[in-house]
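Note sheet for the following structure.
The values are calculated or read from the model by the stated rules, or taken from the named source; none is laboratory data. The shown structure was predicted, so the numbers you read here are calculated from the model rather than taken from an experiment. All Cβ positions, glycine included, derive from the backbone under ideal geometry; neighbour counts span all protein chains shown. With ligands, DNA and RNA removed, areas are computed over all heavy atoms of the protein, side chains included. Shrake-Rupley method; radii C 1.70, N 1.55, O 1.52, S 1.80 Å.
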Amino acid sequence: MKSLITRVLVCVLAMLTVCSCGRKEISDKDFVAIFSEMYLVGTYCSQEELNCDSLDIYTPILDKYGYTTEQFTEKLASFTKRKSARVTNVIDKAIDHMHVTTSEYERQLDIKNSINTDLIARFSDTLWQEEHVELERLADSTRVVNKFPARKGDYVLSFNYLIETKENVELSRLAATTRLVTRADDKTHLTTRYSLLEGRNRGVNVVVNVNHEYNGMADLYVRLVDMGNIKGTFKKMEFNDILLIYRPDIETARELLMESVYGYNPVYKAKAGFEGIKTLSPYRIEIFE
């Protein structure tokens, strides 16, 4: 890492070198912080293969700390005259500075992820749960069909099943299915099909995602067994541990939080004075005309 930082330092010096004199000197502390940010920005441009002009990416960093490119160049030049501090000392301090900064970013990210996970868990909803359903005839298949209003987020479906036939029945058309049907035109826009097999107890676990296009505008039909045109008789057909859970995405979870805390939907049409309230985050609200 040190050799890479050294190369970046040389590159920065080459791009920012300008003759000047008589300006205040950058403190050692600020110089380490500035160089650390320059390194991170330069590395990002390199890794993303971006064509970053030195003035575009480095000058704003210097402006942030209240210095100019001339002052930065003078500070670099001063290291050649000082016996107690060398460029290698700056590199070592920059490494330590970036380690501290990275650790803090990781800590904040962990907190954010934890909050998001807890928020999604808070507004997750168990829509369908049954321990055991046994079908004695084909007509009973309606007992394992359900319909739910489609909301933005994931629907997690899981169940175990056991199928045994009394005679040689072709099961190629036997399947569990989900269908996303829009309410306006009654058209199916998303279908998933999971083949069911005869024999020992088997499991199904699947996630159906509903995006913003169908939020509140469609219904999700869940059918654990779709017979198709199957003919024949079954010795046993049973479903165990049926579970369907709705998990909102983080944006929807935040809106649900606002609604539960403040008693209104975050985005709605109001009658007096303004058209609505727009949620920018769980804690910021902006009234817009």
ask   = Which residues, counting only those in region 84-129, are more than 30 Å from Pro248 (Cα to Cα) and either under 20 Å from the mean Cα position of the chain (by Cα) or aliphatic (A, V, I, L, M) (or both)?
value = Ala85, Val87, Val90, Ile91, Ala94, Ile95, Met98, Val100
query = Are any of the residues in region 129-150 surrounded by 16 or more Cβ atoms within 10 Å (Cβ to Cβ) and assigned to a helix (DSSP H, G or I)?
reply = yes
Any strands (runs of 3 or more DSSP E) falling wholly within region 172-261 and containing at least 1 residues that are out of contact with any Asp or Glu (no Cβ under 6 Å at 6 or more places or on another chain) and farther than 23 Å from Ala150 by Cβ = 188-195, 199-210, 234-248
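Collect the residues in region 185-194 that are over 12 Å from Arg223 (Cα atoms) and either among the basic types (Lys, Arg) or surrounded by 10 or more Cβ atoms within 10 Å (Cβ to Cβ) (or both), keeping them in residue-number order. First the steps, then the outcome.
At the first step, the residues of region 185-194 found to be over 12 Å from Arg223 (Cα atoms) are 185-190.
Across region 185-194, the qualifying residues are Lys187, Thr188, His189, Leu190.
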ask   = Just checking, how many residues over region 117-128 are assigned to a helix (DSSP H, G or I) and open to solvent by less than 80 Å² (accessible area, probe 1.4 Å)?
value = 3
key: Qualifying residue in region 105-116 (condition: over 30 Å from Lys235 (Cα atoms) and surrounded by 13 or more Cβ atoms within 10 Å (Cβ to Cβ))   = yes
message = For Arg183, only one of the following conditions fails: (1) farther than 24 Å from Glu251 by Cβ; (2) at pLDDT 80 or above; (3) more than 28 Å from the chain's Cα centre (by Cα). What is its number?
response = (1)
